[in-house]
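Colleague: Below is a structure I'd like to ask you about.
The values are calculated or read from the model by the stated rules, or taken from the named source; none is laboratory data. Remember, predicted model here, so these are calculated numbers, not experimental data. With ideal geometry, Cβ positions are generated from the backbone for all residues, glycine too; neighbour counts draw on all protein chains shown. Just the protein is used for accessible areas: all its heavy atoms, side chains included, with ligands, DNA and RNA removed. Shrake-Rupley method; radii C 1.70, N 1.55, O 1.52, S 1.80 Å.
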Amino acid sequence: MGWVLGACGQTPISADGEPAAHAERRFEFERVLMGVPFRIVAYGADEEAVARAARAAFARVKELNLVFSDYDPDSELRRLQAEAPRQPKKISADLARVLLLSRRLWEQSGGAFDPSVAPLVALWRNARRSGALPAPEQLAAARARRGFGDLLLDAEQETVAFRRADLAIDLGAIAKGYAADEALAVLRAHGFPRALVDGGGDLSLGDPPPGEQGWRVAVEALDDPERAAAELLLANAAVATSGDAWQHVEIDGVRYAHIVDPETGLGLRERFSVTVVAPTGALADGLATALCVLGPARGRSLVAQHPGVEAWITTLENGAPRTLHCTDKVPGTFSVQ
Ligand code: AMP
Ligand code: MG
C-alpha cells in the first residue's frame, strides 16, 4: 500500500559464473492476515527452512490478530471491552506493550492519537457503507465516549482497569506495525535476519539483502502513484505510511478519511500522506497516524520527541503536493538515502 519495493532479487553468482553452492536466494511469501496482504521477503540457502520460518512468522501474526482484532468478537481486546473490568485485570504481554506505546503517543500528541475514538471510527465505517454522514446526535454520543485516560494501564503488572464501562478501544492505527515487528523477530529467531515483513504498507526491515546496503523503498507521491516522492535505503528499521489515499468516503463532494480527528469527531478532510521511518514498526505505524491528525505544523514537535525518527508529511496545497521533511535522527541508527 503506497509502497514500491525494489529489493534486489537475483540468485547470487559465484566468481566463475556458476550459481554459488550455498548462496542465499530470495524467497517471497504472502498471506492475507489482519485484513491486509502480509508479505514476507527473506533470503536463505535452504528453501524448506525459509518456508518453515515464514509459516511460523505468519502464525505469530495470526496469534496477534486474536489479541488486537476489532472485528473478531473473541479477540482479547473485544472481550476485555465487553467486560470493562473495574478492578485491574491481567492482560497479555502483547496487549500491554501496544497499550503502553499507545498511551505514550496519546500523551505526546496531545490526544491527536487516541485509540478511544473507536465509536467514531465505527460511525465512519458505516458512513462508508451507507454513503451518508453520521447523524449529529450519533456523532455527539460517540464523541462523548472518547478519553483514553480512562483506561488505567499498569504496564509492569500487565493489567488494565476501565474507569467507565462504555470505553472502547481501537488499535488499528498501531497493531499492524507491531505485528510486522513480531513477524520479523520470528524470522530472525529462525536464523533468517535478511528479511522484510510488509503488513499492508507497514514495513519492518531486517538486515539488508546479500551484497546490498539496505532495502530499497520508494514512497509514492501524493499526486501521482507512478512517481516516487522519496527513495530510501533502509536496514534494521521500519517504515509506515498513512493517508487518505486508500480508505475514504466521499459524501456531498467532501472527502472524509478513515482517520478521525478526536477533537472534531470527523474523518480528516484534507488530502494528506505521511511516511515515517522509525526503529520499530509499532512506533512508525502509530506516529504515521498521529501525524496525519496533527499535520505539518503541529507534527514537527511530535517527531522531535523521538530520536531516530524521520517523517515526511505531504499535504495538497492548491492541488500541488507540499512535503515537510522532519527528522531528529541520531546518526548511525539506520541509513536513509
Ligand atoms: P493507519 O492506517 O495506521 O493510519 O490507521 C488507521 C486506523 O486507526 C483507522 O482505521 C482507525 O481504526 C484508527 N484511528 C482512526 N483515527 C485515529 C486516531 N485519531 N487515533 C488513533 N487511531 C485512530
Ligand atoms: Mg498507523
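Colleague: Out of curiosity, is Gly214 farther than 30 Å from Leu80 by Cβ, of a type in the set (Gly, Ala, Ser) and in contact (Cβ under 8 Å) with a residue 24 or more places away in the chain? Even if it seems obvious, please write down each step before you answer.
Modeller: Details: farther than 30 Å from Leu80 by Cβ: yes; of a type in the set (Gly, Ala, Ser): yes; in contact (Cβ under 8 Å) with a residue 24 or more places away in the chain: yes.
Yes: the conditions hold for Gly214.
Colleague: Residues of the stretch 232-248 being open to solvent by 10 Å² or more (accessible area, probe 1.4 Å) and away from ligand 2 (no atom under 13 Å from the Cβ), which ones?
Modeller: Of everything in the stretch 232-248, those that are open to solvent by 10 Å² or more (accessible area, probe 1.4 Å) and away from ligand 2 (no atom under 13 Å from the Cβ) turn out to be Leu233, Ala235, Asn236, Ala245, His248.
Colleague: When you scan the stretch 249-264, how many residues do you find that are assigned to a loop (DSSP other than H, G, I, E, B) and modelled with pLDDT of 90 or more?
Modeller: Total satisfying the criteria: 5.
Colleague: Which condition number in (1) within 16 Å of ligand 1 (Cβ to nearest atom); (2) open to solvent by 20 Å² or more (accessible area, probe 1.4 Å); (3) out of contact with any Ser or Thr (no Cβ under 9 Å at 6 or more places or on another chain) is the one that Arg227 fails?
Modeller: Failed condition: (1).
Colleague: With respect to Gln157, is the statement that it is assigned to a helix (DSSP H, G or I) and either touching a residue at least 60 places away in the same chain (Cβ under 8 Å) or open to solvent by 20 Å² or more (accessible area, probe 1.4 Å) (or both) true?
Modeller: So Gln157 fails the test.
Colleague: OK, next. Kindly indicate which of Ala51, Ala56, Ala45, Ala93 is open to solvent by less than 70 Å² (accessible area, probe 1.4 Å), under 22 Å from Gly199 (Cα atoms), in contact with a His (Cβ under 9 Å, 6 or more places away or on another chain) and modelled with pLDDT of 95 or more.
Modeller: Ala56
Colleague: With the stretch 24-137 as the region, which helices (runs of 4 or more DSSP H) entirely inside it contain at least 3 residues that are away from ligand 1 (no atom under 16 Å from the Cβ)?
Modeller: 47-68, 76-83, 93-108
Colleague: Would the stretch 170-190 turn up any residue that is in contact with a strand residue (DSSP E or B) (Cβ under 9 Å, 6 or more places away or on another chain) and at pLDDT below 95?
Modeller: no
Colleague: Let me ask something else about it. List the pairs whose first member sits in the stretch 183-210 and is in a helix (DSSP H, G or I) and open to solvent by 20 Å² or more (accessible area, probe 1.4 Å), whose second member is at pLDDT 95 or above and within 16 Å of ligand 1 (Cβ to nearest atom), and whose Cβ atoms are under 8 Å apart, counting only residues at least 6 apart or on separate chains?
Modeller: Qualifying pairs under 8 Å: none.
Colleague: Within the stretch 274-289, does at least one residue satisfy the condition of being within 13 Å of ligand 2 (Cβ to nearest atom), in a helix (DSSP H, G or I), under 16 Å from Gly172 (Cβ atoms) and of a type in the set (S, T, N, Q)?
Modeller: yes
Colleague: Ok, one more. So which residues in the stretch 256-297 are away from ligand 1 (no atom under 11 Å from the Cβ) and open to solvent by less than 10 Å² (accessible area, probe 1.4 Å), if there are any at all?
Modeller: Thr275, Val277, Ala278
Colleague: Could you list, in sequence order, the residues of the stretch 249-266 that are among the small types (Gly, Ala, Ser) and away from ligand 2 (no atom under 15 Å from the Cβ)?
Modeller: Result: Gly253, Gly265.
Colleague: Also: Can you run down the residue pairs with Cβ atoms below 6 Å, 6 or more apart or on separate chains, where the first is in the stretch 126-141 and closer than 18 Å to Ala168 by Cα and the partner is part of a loop (DSSP other than H, G, I, E, B)?
Modeller: What qualifies is Leu139/Gly265.
Okay, residues lined up against (1) within 16 Å of ligand 2 (Cβ to nearest atom); (2) small (Gly, Ala, Ser); (3) over 21 Å from Asp244 (Cβ atoms):
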| residue | (1), (2), (3) |
| --- | --- |
| Val98 | yes, no, yes |
| Glu107 | no, no, yes |
| Phe113 | yes, no, no |
| Arg128 | no, no, no |
| Pro136 | no, no, yes |
| Leu171 | yes, no, no |
| Ala179 | yes, yes, yes |
| His190 | no, no, yes |
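Colleague: Which residues, taken from the stretch 196-233, are of a type in the set (Gly, Ala, Ser) and closer than 30 Å to Asn318 by Cβ? Steps first, please.
Modeller: Restricting attention to the stretch 196-233, the residues satisfying the condition of being of a type in the set (Gly, Ala, Ser) are 199-201, 204, 206, 211, 214, 218, 221, 228-230.
Of everything in the stretch 196-233, those that are of a type in the set (Gly, Ala, Ser) and closer than 30 Å to Asn318 by Cβ turn out to be Gly201, Ala218, Ala221, Ala228, Ala229, Ala230.
Colleague: On to the next question. Out of all the residues in the stretch 211-224, which are in contact with an Asp or Glu (Cβ under 9 Å, 6 or more places away or on another chain), closer than 21 Å to Thr289 by Cα and open to solvent by 40 Å² or more (accessible area, probe 1.4 Å)?
Modeller: Residue satisfying the conditions is Glu220 alone.
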